[in-house]
Amino acid sequence: MNALVGVDDRPWIVALRAIIGTAGYLTGIAVMGVAIGTLLHNTAAAISTLVGLVFLLPGLGQLLLPSSWQEGALKYLPPSAQESFISVPDVPGQLSTGAGVAVFAAWVVIPLLAAAVALKRRNA
């Protein structure tokens, strides 16, 4: 019996969850980058925006937000959502696996839909 809560006794399932979650996260970040690039029409601005969103925004949130807001707000950013569906075992205070996938999917789908609308209007 495994003493860790939320960890399956079969290690291959745990590894598979981490592998599939990581592949999905990297694919989602790539799609988000393409969507932001389509919206901005500027490669440097798109890369800067994506790097800022993924790497800088969580750190700035920890520095600038009051501690009472940090728990509620920061777990909905892409890196925190990703941690919820690849971390084993589930960490208390994180989103559940399904909620993490849904939050990350929203971060990918919303810019993608905006890029599709912008592309359709520009090239119509």
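None of the figures in this text is laboratory data; all of them are computed from the coordinates on show. Keep in mind that what you see is a predicted model, and the values were worked out from it rather than measured. Because the Cβ atoms are built from the backbone with ideal geometry, glycine has one as well, and the counts that use them run over all protein chains shown.
Computed about the Cα centre, the dipole magnitude for the chain is approximately 580 debye when only Lys and Arg (+1) and Asp and Glu (-1) carry charge, each at its Cβ. Highest mean packing comes first when the peptides 27-36, 60-69, 76-85 are listed by Cβ atoms within 10 Å, giving 76-85, 27-36, 60-69.
A convex hull fitted around the alpha carbon atoms of segment 13-83 yields 95 Å³ per residue.
Simple spin-label estimate for residue 57 and residue 19 gives 3.1 nm between the two label positions (7 Å along the Cα-to-Cβ direction from each Cα). Of the DSSP H helices in the chain, those with a Cα length along their own long axis of 24 Å or more and a mean Kyte-Doolittle hydropathy reaching -1.0 comprise 11-40, 97-122.
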